[in-house]
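A short write-up of the structure that comes next.
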Amino acid sequence: MRFHVTSISCEACAGQLRQIAVKLQDWLNATVADGEFGAAPDQFLLMLVAVDDDPAENQRWARPHDKLGYYQHPVTAMRTSCLSLAISMSPSSIATQEGLAALSIVSMTVRRKILIRPKRLPTGFEHGRCFSAMSAALGAYVLD
């Protein structure tokens, strides 16, 4: 299973959120991707959504990304299974922080989201083990 972390955000925190997404993607792929989690999807997508300080507006952008489905590669036409989780957060809470503090806020928000079991999961996927491994890996970025 490979991890992909991307974001949808407003201009106020776009650059900072992109850097955080790359750092989290690299870290999760280095620490968790090779784990055995049963019938895991081929790709695990974390969508960081920080569009507006209004939670309802963020949820409107996040809803389409909370799903289990298939992704078809545009060139090879190869289908891969994908579990996608959208993590909503306030852009002002990220924009007002610098470097590690912003990374810590995003990591804590992702950890809170993965505690909640998604509505749909692949049959045979050991989500508890996967999510606890992800939570432990993200704990490296949480400041006390």
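The values are calculated or read from the model by the stated rules, or taken from the named source; none is laboratory data. Since the model is a prediction, treat every value here as computed from it, not as a measurement. With ideal geometry, Cβ positions are generated from the backbone for all residues, glycine too; neighbour counts draw on all protein chains shown.
Between residues in the stretch 80-92 that are within 16 Å of Val51 (Cβ to Cβ) and residues that are buried (at least 22 other Cβ atoms within 10 Å of the Cβ) and of a type in the set (Ser, Thr, Tyr), which pairs lie under 8 Å by C-beta distance while being six or more apart or on different chains? Hits for this filter: Pro91/Ser9.
Is it the case that Gly99 is surrounded by fewer than 18 Cβ atoms within 10 Å (Cβ to Cβ), under 20 Å from Leu17 (Cα atoms) and at pLDDT below 85? Taking the combined requirement at face value, the residue satisfies it. For Arg111, state whether it is among the basic types (Lys, Arg) and more than 12 Å from the chain's Cα centre (by Cα). Spelling it out, it is not the case that Arg111 is among the basic types (Lys, Arg) and more than 12 Å from the chain's Cα centre (by Cα). Within the stretch 62-77, can one find any residue that is surrounded by 13 or more Cβ atoms within 10 Å (Cβ to Cβ), of a type outside the set (Phe, Trp, Tyr) and under 21 Å from Ala137 (Cα atoms)? For the stretch 62-77, residues surrounded by 13 or more Cβ atoms within 10 Å (Cβ to Cβ), of a type outside the set (Phe, Trp, Tyr) and under 21 Å from Ala137 (Cα atoms): absent. Leu121 meets the conditions (1) hydrophobic (A, V, I, L, M, F, W, C); (2) out of contact with any His (no Cβ under 8 Å at 6 or more places or on another chain); (3) more than 19 Å from Leu28 (Cα to Cα) in every case but one. The failed one is (2). Checking the stated criteria, Thr80 turns out to be under 17 Å from His4 (Cα atoms), β-branched (Val, Ile, Thr) and at pLDDT below 90.
A search for C-beta distances below 6 Å between a residue of the stretch 20-34 that is without any contact (Cβ under 8 Å) to a residue 40 or more places away in the chain and any residue that is not hydrophobic (A, V, I, L, M, F, W, C), counting only pairs 6+ apart in sequence or on different chains, returns Ala21/Thr6; Ala21/Ser7; Ala33/Arg2. Across the stretch 37-61, the number of residues qualifying as loosely packed, with under 15 Cβ neighbours inside 10 Å and touching a residue at least 60 places away in the same chain (Cβ under 8 Å) comes to 2. Give the residues of the stretch 113-131 that are surrounded by 11 or more Cβ atoms within 10 Å (Cβ to Cβ) and in a helix (DSSP H, G or I), sorted by residue number. Result: Lys113, Ile114, His127, Arg129, Cys130, Phe131.
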